[in-house]
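> My questions all concern the structure below.
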Amino acid sequence: MRLDKFLKVSRIIKRRPLAKTMSDDGRIEVNGKVAKAGTTVNVGDELIIRFGNRIVTYEILDLKEHAKKEEAELMAKMLHDEKIEDDKDESGW
């Protein structure tokens, strides 16, 4: 399954065009490699996604063409959620 479609169906990212933009900007990795929207993902793959000041790691548990909300929650498991600190010091500079 394509990465952008998986992200939409699993509801990790709500809209497919946003998933494509994020992957094209290099903000998504699959198994440690920067991934494009058309990258094929499989069960067991690890996704690392940079959302603003957070890095979230998921493991793909299931692939479905369509999923209800309850099913979508079971398609991926969040492994890690890390907040990235800004490089600014306490004075804000």
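> Restrict the check to the range 75-86 and report whether at least one residue is assigned to a loop (DSSP other than H, G, I, E, B) and either at pLDDT 95 or above or surrounded by 15 or more Cβ atoms within 10 Å (Cβ to Cβ) (or both).
Yes, there is a match, as at least one residue in the range 75-86 is assigned to a loop (DSSP other than H, G, I, E, B) and either at pLDDT 95 or above or surrounded by 15 or more Cβ atoms within 10 Å (Cβ to Cβ) (or both).
> While we're on this one: Across the range 55-74, what is the number of residues that are modelled with pLDDT of 95 or more, surrounded by 15 or more Cβ atoms within 10 Å (Cβ to Cβ) and more than 13 Å from residue 1 (Cβ to Cβ)?
Qualifying residue count, the range 55-74: 4.
> Give me the residue from the range 12-34 that is open to solvent by less than 80 Å² (accessible area, probe 1.4 Å) and of a type in the set (Asp, Glu) and, out of that set, nearest to residue 71 (Cα to Cα).
Only one residue fits best here, namely 29.
> Select from the range 4-28 the residues that are among the aliphatic types (A, V, I, L, M) and either in contact (Cβ under 8 Å) with a residue 40 or more places away in the chain or under 11 Å from residue 72 (Cβ atoms) (or both) and list them in ascending order.
Within the range 4-28, 7, 9, 12 meet the criteria.
> Mind listing just one residue for me: the one in the range 35-54 that is surrounded by fewer than 17 Cβ atoms within 10 Å (Cβ to Cβ) and charged (D, E, K, R) and, of those, farthest from residue 9 (Cα to Cα)?
Filtering the range 35-54 for residues that are surrounded by fewer than 17 Cβ atoms within 10 Å (Cβ to Cβ) and charged (D, E, K, R), the one farthest from residue 9 (Cα to Cα) comes out as 54.
The values are calculated or read from the model by the stated rules, or taken from the named source; none is laboratory data. Remember, it's a predicted structure, so these values are computed and weren't measured experimentally. Because the Cβ atoms are built from the backbone with ideal geometry, glycine has one as well, and the counts that use them run over all protein chains shown. SASA here: full protein model, heavy atoms, side chains in, ligands and nucleic acids out. Shrake-Rupley method; radii C 1.70, N 1.55, O 1.52, S 1.80 Å.
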